[in-house]
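The values are calculated or read from the model by the stated rules, or taken from the named source; none is laboratory data. No experiment lies behind these values; they were computed from the predicted model shown. Here Cβ is always computed from backbone atoms with ideal geometry, including for glycine, and neighbour counts include all displayed protein chains. What goes into the accessible areas is simple: the full protein's heavy atoms, side chains included, and nothing from ligands, DNA or RNA. Shrake-Rupley method; radii C 1.70, N 1.55, O 1.52, S 1.80 Å.
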Amino acid sequence: MNGQQFFNILWLACLYGLFAVGLNLIMGVARVLNLAHPAVFTWGALAAWLVIADLHTPAWAGFLAALATGMVLGAVLELAAFRPLRRRGADELTVAIASIGLLTILVGAARSATGASFLTFAPGSLPEGRLVLPGLVATPAELAIIGVTLSLVLLLTLYLRRSANGIAIRAAVYSDEVAAINGVNVNRVYLATVIVGSALGALSGLLLGWSFNSVNYQMGEPFILRGIAIIFLGGFGSVPGALVGALVLAASEVISVVYIGSGIRELVPFAMIVAILLLRPQGLLPIAHEDRA
Amino acid sequence: MSDLLDSVYAYQFLGFSVIILVALALSTYVTIAAGSLSLAAPAFMAIGAYSSALASIHWHVPFAIALLIAALTGAVAAAGVAVISARLRALYLALMTLAIDEIVVTVALLVPFTGGASGLSGIPFETDATWMIGFAIALAVFFWRFARSRTFRFLSAMRQSELAARSLGLDVYAARVSTCVIGGVIAGLAGALSAHLDGFISPTGFGFDLIITILTAIVLGGMASWHGAVLGGLVVGLVPHFLVAISSVREYVYGAILLLVLIFLPRGLASLRLPLRTPWAYARSVAGR
């Protein structure tokens, strides 16, 4: 294991982490397992591509496009699906199945939009090149992944700890009924959370598309299993758990590829799920919830 | 005349595909009857398909033996899954079974003797009308009797409250494992029949698309009874064939159906009290049975 591999683990963990934090935020607050999150991920990358490669705008416009797409999709998911189901008293499983339906629709839309082809960014439209440091080589995309993830997670943590809205959100995680009694507008909290979580997911999609210079409608597919694995690893709905789970998963993947072989890579998430279920089923950092006290 | 024969063959093939889809829906229904949603039917179907296909190709076994192999491997795999997921409930179980589907597909892609991504071809064409109709009848008889059995009442009790069921002395763990195994056998058999119908199987055929199709079938038809599974399987199997316009946008349609049915008709089509049943069934329901 050398410095390069540690670096690979770091940026892969940050990528998975950004994706998983969005997913777990939605899970913990809105109590929805949003299986359409991988599709939001894909659309984040697609939106950025459409804006940068098709409309030839500068890179930062692509970032904004990804963010905006994530937010809009999040709003649509919450208002068109999660809220109606919540009103009808649907349980977690039913909402998850509904989100699978949304996943299908969004992926189908992505397929139509791309014609099922692999899209690339034109050379120079996004920062490229290599940064050669002692012991490792890094691309701007990989550094951006690390930078973006760490700064957004820091911002999110500060927001949740210090701001009034953040405290309201954390109250709703513990018990939405009690939060509502205390005057928290729970519906607004749900909507805001799904929007923010989806924005994070879309952003992670853009970052992946940038780092591999490839965008296609199936790019979110491997993240379905990995998202599930990180949720099990970290604890359902736990944001710090998402980060820890992402780190564990990324480290396991890289280590197994280095020491065993690349074919084993896709089996790692599954192995992680089985392991955590046998050793610590509630996850590494489970959240505090009224049902779990 | 040959045109007529061609269309007979085409409809026969369609009919067989529908029977297989219905079987998969029923396989999923069995675990629902026990109170958990398992989406692992595609995985057991794949296991049954590959094991029977390999047996047919390499050992030239008679078809009946191949089917037996499929049923056994499906049962063993299902038992394994049930044991691993023993402590999981509802959402967590569904996710676990999704993960299992992915793993089976991944293994099928990686392992050389399953043919990898290019699949397994040269499977003898053994499935014919006799086998398929026999299978359909066997399923119908099984479920008709199952729904009236004492076991089913245990499972219904378990579905409503595992705690209460356990306090009555019911072995909940055994029930969960056995329903999973039954589901695995049915799906495995469906896989073997499908493999020997097409002559070719590949890992992608058991992937996410199949999960969506089965899910749409049971949600649309209704998860409360085996009739719902059959109804859903029939609708999802037949309608795309006749509404050719929607086949290209099939994904949208399935996704939209899932979403809309869950919001507006959560119990599925089978819950609609439409005067579509036979007079005999209608009379029975009116009589309060």
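The set of residues in region A:146-169 that are farther than 19 Å from A:GLY201 by Cα, without any contact (Cβ under 8 Å) to a residue 24 or more places away in the chain and either buried (at least 17 other Cβ atoms within 10 Å of the Cβ) or not basic (Lys, Arg) (or both) comprises A:LEU158, A:SER163, A:ALA164, A:GLY166, A:ILE167, A:ALA168. In summary, B:ASP101 fulfils each of the numbered conditions (1) closer than 30 Å to B:VAL61 by Cα; (2) among the charged types (D, E, K, R); (3) open to solvent by 10 Å² or more (accessible area, probe 1.4 Å); (4) within 14 Å of another protein chain (Cβ to nearest Cβ) with the single exception of condition (3).
In region A:75-100, of all residues being not in a helix (DSSP H, G or I) and not basic (Lys, Arg), the one that is farthest from the other protein chains (Cβ to nearest Cβ) corresponds to A:GLY89. Annotation: B:ARG145 fulfils all but one of (1) open to solvent by 70 Å² or more (accessible area, probe 1.4 Å); (2) within 30 Å of A:ILE97 (Cβ to Cβ); (3) not in a helix (DSSP H, G or I); the unmet one is (3). The residue of region B:114-137 that is nearest to the other protein chains (Cβ to nearest Cβ), among those that are out of contact with any helix residue (DSSP H, G or I) (no Cβ under 7 Å at 6 or more places or on another chain) and open to solvent by 60 Å² or more (accessible area, probe 1.4 Å), is B:SER118. Applying the criterion of being open to solvent by less than 70 Å² (accessible area, probe 1.4 Å) and more than 28 Å from A:PRO58 (Cα to Cα) to the residues of region A:109-144, the residue that is nearest to the other protein chains (Cβ to nearest Cβ) is A:LEU136.
So that you can scan it fast, the table gives a plain yes or no per residue for (1) closer than 30 Å to B:PRO124 by Cα; (2) away from every other protein chain (no Cβ under 14 Å):
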{"residue": "B:GLU162", "(1), (2)": "no, yes"}
{"residue": "B:ALA174", "(1), (2)": "no, yes"}
{"residue": "B:SER178", "(1), (2)": "no, yes"}
{"residue": "B:SER194", "(1), (2)": "yes, yes"}
{"residue": "B:ASP198", "(1), (2)": "yes, yes"}
{"residue": "B:GLY207", "(1), (2)": "yes, no"}
{"residue": "B:ILE211", "(1), (2)": "yes, no"}
{"residue": "B:ILE214", "(1), (2)": "yes, no"}
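Counting only helices (runs of 4 or more DSSP H) that sit completely within region A:195-293, those holding 1 or more residues that are within 14 Å of A:VAL21 (Cβ to Cβ) correspond to A:221-234, A:239-259.
Looking at region A:249-260, can you tell me whether even one residue there is away from chain B (no Cβ under 11 Å), surrounded by fewer than 21 Cβ atoms within 10 Å (Cβ to Cβ), free of Cβ contacts under 8 Å to residues at least 12 places away in the same chain and among the hydroxyl-bearing types (Ser, Thr, Tyr)? Yes, the conditions are met somewhere in region A:249-260.
Here is the figure for region A:195-237: residues that are open to solvent by less than 20 Å² (accessible area, probe 1.4 Å), within 14 Å of another protein chain (Cβ to nearest Cβ) and not hydrophobic (A, V, I, L, M, F, W, C) total 6. Residue check: is A:GLY62 at pLDDT below 95, open to solvent by less than 20 Å² (accessible area, probe 1.4 Å) and either touching a strand residue (DSSP E or B) at 6+ places or on another chain (Cβ under 8 Å) or more than 30 Å from A:PRO286 (Cα to Cα) (or both)? Yes: the conditions hold for A:GLY62.
Within region B:225-269, restricting attention to residues that are more than 14 Å from chain A (Cβ to nearest Cβ) and surrounded by 20 or more Cβ atoms within 10 Å (Cβ to Cβ), the residue that is modelled with the lowest pLDDT is B:GLY237.
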